[in-house]
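To start, the structure itself, in structure tokens.
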Amino acid sequence: MRLSALAMESAVGTRKRQSLRVLFVDDENSIAELMRSELPRMGHVATVKQSPGAAIEAIQKNVFDAAIIDLRMPGGSGWDVIDYLREHSPETVCVISTGHGDRDDAIRAIRMGAYDFLPKPVSLFEISNVLDRIGERKALENKTLALESRLQRVEGRSDLIGNSAPMARVHKLIAKIAPTDSAVLILGETGTGKEMVARRVHEQSDRRDAPFVAVNCGAIPENLVESEFFGHRKGAFTGADSNRAGLFEVANHGTLFLDELGELDKSMQVKLLRFLESGEVRRVGDNEPFHVDVRIVCATNRELQQMVSAGTFREDLFFRVNTFEIYLPPLRERLDDIPSLALHLIARHLKRDSVPAEMLPPETIRLLQSHHWSGNVRELANVLEHAAILSDGKTIQPEDLPRSILRSSNSGVTSGYEQARSSAATSSHADGAADLINSEPITLREMEERLILRVLDKYQGDKPKAAKELGIALKTLYNRLSQMGQHRHAG
């Protein structure tokens, strides 16, 4: 192995690298000892073995990102290690390094999915370079996983809308905090847009080109939280049919947003604290930890200090995650933002870049600003989706708003349309349908549309609850709403 000063300098340079867990297999003592010291200097976690049997034992205990394997060794062949990796750890990237290789070996390596074939003697520079390329590939895979996760959530645009005085303070604090790597705790009621704040922190940081991974801590079954966070190796528990990267690993070099932090149980609080102190994670079933570079941003609508006093949240973890605190005010405390926010939400629903201000006449805005908005921005989005369907995507008049908005206003405005809607009982399907039938001659389609809208009103736009009361699947409700919009537009 060539060890020129230039090669060594290049191998351990100062540029930022993706840290990998590397298995290095070579029977030569001098090479093995060298790689035990040089791989960590390159920024990687090294496991060095000098026989195929020892390498397979290491694979049984740990998951590796990359393996550099010599083919000819006493007591076995490097091909045995590669075969074992293909079966038990297919995500490990294999690189073959041998002084006895020929054309047939190179062809076989390609067919077995080897990433590269390095004939000996090989320099530290070549090893560093191939590991850098593997690191870039792993980073791209993680970014793709994060993007797929985001698309599965069907997220809207990450704009944080609002120029009111309370929101101006939020924007100013984000600008101060984002360039740092400090932990951030976002506080606010449900539906205020805490994830949008977390995303804005990420987008204004030096990590903006790396993954942003969001997870709701309260939505993961308790017995799967550790596996979701830290990953697991194949066979670690019943149902672990393959190795799996955890969210901390997927977010490497980026930002991990932990929403509903207060829902974590005490055991996971300990593991999260350990990561914040060491930067190390360990897959379930692994023996060795590995380092990841992740910024943690947390959010909760619960009073963590009260939970600390009650003994349900660790005080040391609270101080760790609360380096900087951002309070996101409820919508009722920033009513001046409603016009711009409403136009943004309408545009998002209609899948447009923007909509004209004329879509919201002054009377409609006044009604929106007079509502309490206990559900915050999330409730506003549901209300405007409802109104946009009724208005055929045109100007939203007061009568297009749900009854809950009209009732809560102090305007005293009740149109003939609203009076007709208020006359129908909403306690059950049967009563509602009977009122619709007796009120005026209408078609079956119109009766169905009015009943759907009435039940949506009753639950303030909560579609899962409305679907349950209507006795239909949630997907069916979404299809009906889409058909209603198309029918009204065609009419």
Inset, instruction - Give me a count of the residues in the stretch 190-242 that are closer than 16 Å to Val284 by Cα, in contact (Cβ under 8 Å) with a residue 24 or more places away in the chain and acidic (Asp, Glu). - result: 2
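Could you grab me the full set of residues in the stretch 74-94 that are in a strand (DSSP E or B), farther than 23 Å from His232 by Cβ and in contact with a helix residue (DSSP H, G or I) (Cβ under 6 Å, 6 or more places away or on another chain)? Walk me through how you get there before you give the answer.
Within the stretch 74-94, the first condition is being in a strand (DSSP E or B), and the residues that meet it are 76-77, 93-94.
Subset that is farther than 23 Å from His232 by Cβ: 76-77.
Across the stretch 74-94, the qualifying residue is only Gly76.
Mind listing whichever residues of the stretch 173-190 are farther than 15 Å from Arg207 by Cβ and touching a Leu at 6+ places or on another chain (Cβ under 9 Å)?
Of the residues in the stretch 173-190, the ones farther than 15 Å from Arg207 by Cβ are 173, 175-176, 185-190.
Once the filter is applied, which keeps residues that are farther than 15 Å from Arg207 by Cβ and touching a Leu at 6+ places or on another chain (Cβ under 9 Å), the stretch 173-190 yields Leu185, Ile186, Leu187, Gly188, Glu189.
Conditions tested, residue by residue: (1) crowded, with 17+ Cβ neighbours inside 10 Å; (2) among the β-branched types (Val, Ile, Thr); (3) at pLDDT below 80.
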residue	(1), (2), (3)
Leu401	yes, no, no
Asn410	no, no, yes
Val413	no, yes, yes
Gly416	no, no, yes
Gly432	yes, no, yes
Thr443	no, yes, yes
Met447	no, no, yes
Legend entry - Any hit, the stretch 371-384, residues being loosely packed, with under 14 Cβ neighbours inside 10 Å, farther than 30 Å from Leu272 by Cβ, among the aliphatic types (A, V, I, L, M) and in contact with a helix residue (DSSP H, G or I) (Cβ under 8 Å, 6 or more places away or on another chain): no
Legend entry - Filtered residues of the stretch 376-407 (kept if among the β-branched types (Val, Ile, Thr) and assigned to a helix (DSSP H, G or I)): Val377, Val383, Ile389, Ile405
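Residue-wise test of (1) over 22 Å from Ala198 (Cβ atoms); (2) of a type outside the set (Val, Ile, Thr); (3) assigned by TED's automatic domain parsing to the domain that holds Phe230; (4) in contact with a Phe, Trp or Tyr (Cβ under 6 Å, 6 or more places away or on another chain).
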{"residue": "Leu273", "(1), (2), (3), (4)": "no, yes, yes, no"}
{"residue": "Ser278", "(1), (2), (3), (4)": "yes, yes, yes, no"}
{"residue": "Phe290", "(1), (2), (3), (4)": "yes, yes, yes, no"}
{"residue": "Gln306", "(1), (2), (3), (4)": "yes, yes, yes, no"}
{"residue": "Ala310", "(1), (2), (3), (4)": "yes, yes, yes, no"}
{"residue": "Leu317", "(1), (2), (3), (4)": "no, yes, yes, no"}
{"residue": "Glu325", "(1), (2), (3), (4)": "no, yes, yes, no"}
{"residue": "Pro339", "(1), (2), (3), (4)": "yes, yes, no, no"}
Inset, instruction - List every residue pair whose Cβ atoms sit under 7 Å apart, with the two residues 6 or more apart in sequence or on different chains, where the first one lies in the stretch 341-370 and is under 17 Å from Ser482 (Cα atoms) and the second, anywhere, is part of a loop (DSSP other than H, G, I, E, B) and not charged (D, E, K, R). - result: Ile346/Val355; Ala347/Ser354; Ala347/Val355; Arg348/Gly156; Leu350/Gly393
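Let's see how each residue does on (1) in contact with a strand residue (DSSP E or B) (Cβ under 6 Å, 6 or more places away or on another chain); (2) of a type outside the set (S, T, N, Q); (3) closer than 30 Å to Ala381 by Cα:
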| residue | (1), (2), (3) |
| --- | --- |
| Met167 | no, yes, yes |
| Leu185 | yes, yes, yes |
| Met196 | no, yes, yes |
| Phe212 | yes, yes, yes |
| Asn216 | yes, no, yes |
| Phe248 | yes, yes, no |
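This table checks each residue for (1) acidic (Asp, Glu); (2) modelled with pLDDT of 90 or more.
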site: Glu195; (1), (2): yes, yes
site: Arg207; (1), (2): no, yes
site: Ala210; (1), (2): no, no
site: Pro221; (1), (2): no, no
site: Glu226; (1), (2): yes, yes
site: Gly239; (1), (2): no, no
Legend entry - Criterion violated by Ile326 - all others in (1) among the aliphatic types (A, V, I, L, M); (2) modelled with pLDDT of 95 or more; (3) surrounded by fewer than 18 Cβ atoms within 10 Å (Cβ to Cβ) satisfied: (3)
Inset, instruction - Test Leu145 against the criterion of being modelled with pLDDT of 75 or more and surrounded by 15 or more Cβ atoms within 10 Å (Cβ to Cβ), and give yes or no. - result: no
Inset, instruction - Starting from the stretch 117-133, take each residue that is outside any helix (DSSP H, G or I) and list its partners that are among the basic types (Lys, Arg), counting only C-beta distances under 7 angstrom and pairs at least six apart or across chains. - result: Pro121/Arg2; Ser123/Arg2
Legend entry - Total residues in the stretch 105-142, condition of a type in the set (Lys, Arg), farther than 20 Å from Pro90 by Cα and at pLDDT 85 or above: 0
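The values are calculated or read from the model by the stated rules, or taken from the named source; none is laboratory data. Values in this document were obtained by computation on a predicted structure and should not be read as measured data. Cβ: placed from backbone, ideal geometry, glycine included. Neighbour counts: every protein chain shown.
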